[in-house]
Amino acid sequence: MAENPKPVLRFAPSPTGMLHIGGARTALFNWLYARHTGGTFLLRIEDTDRERSTPEAVEAILGGMAWMGLNWDGDVIFQFARAARHREVAEKLLDEGKAYRCYATAEELTAMREEQKAAGKPMRYDGRWRDRNPGPEQQGKPFVVRLKARQDGETIVHDQVLGHVRFENSQLDDMVLLRSDGTPTYMLAVVVDDFDMGVTHVIRGADHLNNAARQLQLIEAMGAPIPTYGHLPLINGPDGAKLSKRHGALAVEAYRDMGYLPETMRNYLLRLGWSHGDDEIISTAQAIEWFNLESIGKSAARMDYKKLDNLNGHYIRETPDETLVAEVTAFLSRETPPRVLSMTARERVLAAMPSLKERAKTLIELIQGAEFLFTDGPRSLDEAAAKLLVPDARGHLAAALPALEATEWGATDLESAARAFAESNGLKLGQVAQPLRAALTGKASSPPLFEMLALLGREESLVRLRAYKE
Ligand code: GLU
């Protein structure tokens with residue numbers, strides 16, 4: 001028996017805006033299936049809509065894919081560049097009698113629809129040029145090329161996700177393949193490109209299910225092999241309504257800017273519509289091993305930001321300290337104005353990372369927790385820290401300073417000195433440590449205080465502490 005050829009998948013975004021979360025999930029599923037099967041993952045930019053396609057959107061899509069870690073095989077394919085080939089296929093269908101020229105004018109078609117509407121009938125092209133030859137009066141007149149689709153029977157989309165979805169052919173009119181200016185329509189371009197690219201599996205949003213029926217008619221006319229379809233249910237907002245701007249971020253870039261890691265997004269988007277038992281934490285390597293089409297869910301998935309945060313916390317903790325420092329540096333460089341860390345700051349952040357990363361769910365939280373390590377000098381206090389530095393507490397801080405000044409500047413010695421001071425003054429350690437922490441970091445919580453004192457060093461620590469002794 002001949003071995004099944006390796007699957008060929010593609011992601012085919014239209015460059016009319018950002019790479020949004022639904023598109024990113026589609027790309028991810030295609031990528032995972034290709035990597036799982038050892039197949040190919042192609043990227044095709046569907047830029048046939050010249051009015052709405054922009055180079056910025058192409059950049060945003062490529063950037064979004066790169067950030068998500070979804071590498072494609074071979075060169076990016078631009079659909080518009082293939083228009084001549086699309087036309088060639090339409091002309092071949094014309095020659096074979098599988099397509100025809102339709103000379104109906106815009107006014108005629110409007111009148112046709114008005115009549116259908118008035119009669120309470122569905123509005124669709126009535127096939128008036130299907131079996132009619134142009135006469136002398138059509139000479140030089142504009143025409144479109146339409147597919148001569150089967151009118152009886154049904155077209156069935158055998159969908160890996162949604163099952164067998166049936167369409168009465170009588171409900172599908174003869175679609176346009178070439179517009180009157182000779183440009184190919186989207187339907188023609190998609191089918192021809194998938195065929196030429198050898199695409200075996202079409203995994204995309206369920207909003208394309210109806211298109212699949214029409215595309216099948218064309219595939220049949222071309223005598224092309226039918227790909228395996230998988231239409232992914234939509235993604236809803238946390239309230240169950242269709243995901244929209246109202247629900248917050250739609251573009252993957254926005255998730256990057258909110259401090260989510262690409263690993264988190266891959267895991268999170270995977271679980272939006274695909275499952276493996278009760279597993280929530282699924283690394284990319286594991287996902288590549290497990291991914292299949294059978295376990296894609298049939299019902300709409302729902303965004304859950306709390307889950308996203310928790311996953312991100314997990315992946316932050318899993319990320320090596322050095323990598324996190326690089327992530328933090330990259331994040332800061334994208335801010336306006338960009339922030340650049342000194343060598344000293346980087347070293348401090350790296351040293352504190354094991355405990356910083358324990359308390360952050362996003363890179364933003366990680367940065368906020370690390371900010372006291374970025375620059376030298378007395379800290380300004382956030383609200384919670386200000387509450388810790390009420391006059392009494394400042395008194396304790398001032399009184400404890402000589403004990404700290406007199407000790408070796410290491411975490412253990414500093415802690416012993418602070419404990420001894422607290423004990424001999426009838427204070428709890430916290431009554432001394434909390435004001436120290438607030439003065440040192442400007443915050444009410446931080447990585448372990450005595451380690452941070454040691455990390456910042458005697459001179460820098462004392463500058464900060466002395467600033468709050470009154
Ligand atoms: N270009 C289409 C879109 O961005 C996708 C077409 C397809 O996957 O077949 O929605």
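The values are calculated or read from the model by the stated rules, or taken from the named source; none is laboratory data. What you see is a predicted model, and the numbers here were worked out from it, not measured in a lab. Neighbour counts are summed over all protein chains in view; Cβ atoms, including those assigned to glycine, are modelled from backbone coordinates with ideal geometry. All accessible areas refer to the heavy atoms of the entire protein, side chains included, with ligands and DNA or RNA removed. Shrake-Rupley method; radii C 1.70, N 1.55, O 1.52, S 1.80 Å.
Report yes if some residue within the range 3-13 is free of Cβ contacts under 8 Å to residues at least 40 places away in the same chain, buried (at least 17 other Cβ atoms within 10 Å of the Cβ) and not β-branched (Val, Ile, Thr); otherwise report no. No: zero hits. Residues in the range 171-213 that are under 20 Å from Arg85 (Cα atoms) and part of a helix (DSSP H, G or I): Tyr186, Met187, Leu188, Ala189, Val190, Val191, Val192, Asp193, Asp194, Phe195, Asp196.
Scanning the range 185-205 for residues that are closer than 20 Å to Gly23 by Cβ and either more than 12 Å from the ligand (Cβ to nearest atom) or surrounded by 19 or more Cβ atoms within 10 Å (Cβ to Cβ) (or both) returns Ala189, Val190, Asp193, Asp194, Val199, His201, Val202, Ile203, Arg204. Among the residues of the range 211-228, just one is open to solvent by less than 10 Å² (accessible area, probe 1.4 Å) and not aliphatic (A, V, I, L, M), namely Gln215. Tell me which residues, restricted to the range 14-38, are touching a strand residue (DSSP E or B) at 6+ places or on another chain (Cβ under 6 Å) and either within 11 Å of the ligand (Cβ to nearest atom) or open to solvent by less than 10 Å² (accessible area, probe 1.4 Å) (or both). If the condition is that a residue be touching a strand residue (DSSP E or B) at 6+ places or on another chain (Cβ under 6 Å) and either within 11 Å of the ligand (Cβ to nearest atom) or open to solvent by less than 10 Å² (accessible area, probe 1.4 Å) (or both), then Pro15, His20, Gly22, Thr26, Ala27, Phe29, Asn30, Ala34 are the ones that fit.
Could you tell me whether Glu137 is more than 16 Å from the ligand (Cβ to nearest atom), open to solvent by 20 Å² or more (accessible area, probe 1.4 Å), over 19 Å from Arg10 (Cβ atoms) and touching a residue at least 40 places away in the same chain (Cβ under 8 Å)?
Working: more than 16 Å from the ligand (Cβ to nearest atom): yes; open to solvent by 20 Å² or more (accessible area, probe 1.4 Å): yes; over 19 Å from Arg10 (Cβ atoms): yes; touching a residue at least 40 places away in the same chain (Cβ under 8 Å): no.
No: the conditions fail for Glu137.
Does the range 94-109 include one or more residues that are within 22 Å of Tyr229 (Cα to Cα), of a type in the set (Asp, Glu) and open to solvent by less than 70 Å² (accessible area, probe 1.4 Å)?
Let us first name the residues in the range 94-109 that are within 22 Å of Tyr229 (Cα to Cα), namely none.
Checked the range 94-109: no residue is within 22 Å of Tyr229 (Cα to Cα), of a type in the set (Asp, Glu) and open to solvent by less than 70 Å² (accessible area, probe 1.4 Å).
Taking helices (runs of 4 or more DSSP H) as the structural unit, those lying wholly within the range 268-367 and holding at least 1 residues that are within 29 Å of Ser244 (Cα to Cα) and free of Cβ contacts under 8 Å to residues at least 60 places away in the same chain correspond to 305-318, 321-333. Note on the range 170-184: among residues that are modelled with pLDDT of 95 or more and closer than 14 Å to Ala149 by Cβ, the one that is most open to solvent (accessible area, probe 1.4 Å) is Val176.
The single condition among (1) more than 16 Å from the ligand (Cβ to nearest atom); (2) more than 27 Å from Thr48 (Cα to Cα); (3) touching a strand residue (DSSP E or B) at 6+ places or on another chain (Cβ under 8 Å) that Val176 does not meet is (2).
The helices (runs of 4 or more DSSP H) found wholly in the range 1-95 and carrying at least 3 residues that are over 18 Å from Leu250 (Cα atoms) occupy 21-37, 83-95.
Go through the range 445-467 and give me each residue that's in a loop (DSSP other than H, G, I, E, B) and either open to solvent by less than 30 Å² (accessible area, probe 1.4 Å) or farther than 17 Å from Ala385 by Cβ (or both). Residues satisfying the conditions are Ser446, Pro447, Gly457.
Arg124 fulfils the conditions (1) open to solvent by 80 Å² or more (accessible area, probe 1.4 Å); (2) in a loop (DSSP other than H, G, I, E, B); (3) closer than 19 Å to Asn210 by Cβ except for a single criterion, (1).
All conditions in (1) over 28 Å from Phe80 (Cα atoms); (2) modelled with pLDDT under 95; (3) of a type outside the set (Gly, Ala, Ser) hold for Thr155, with the sole exception of (2).
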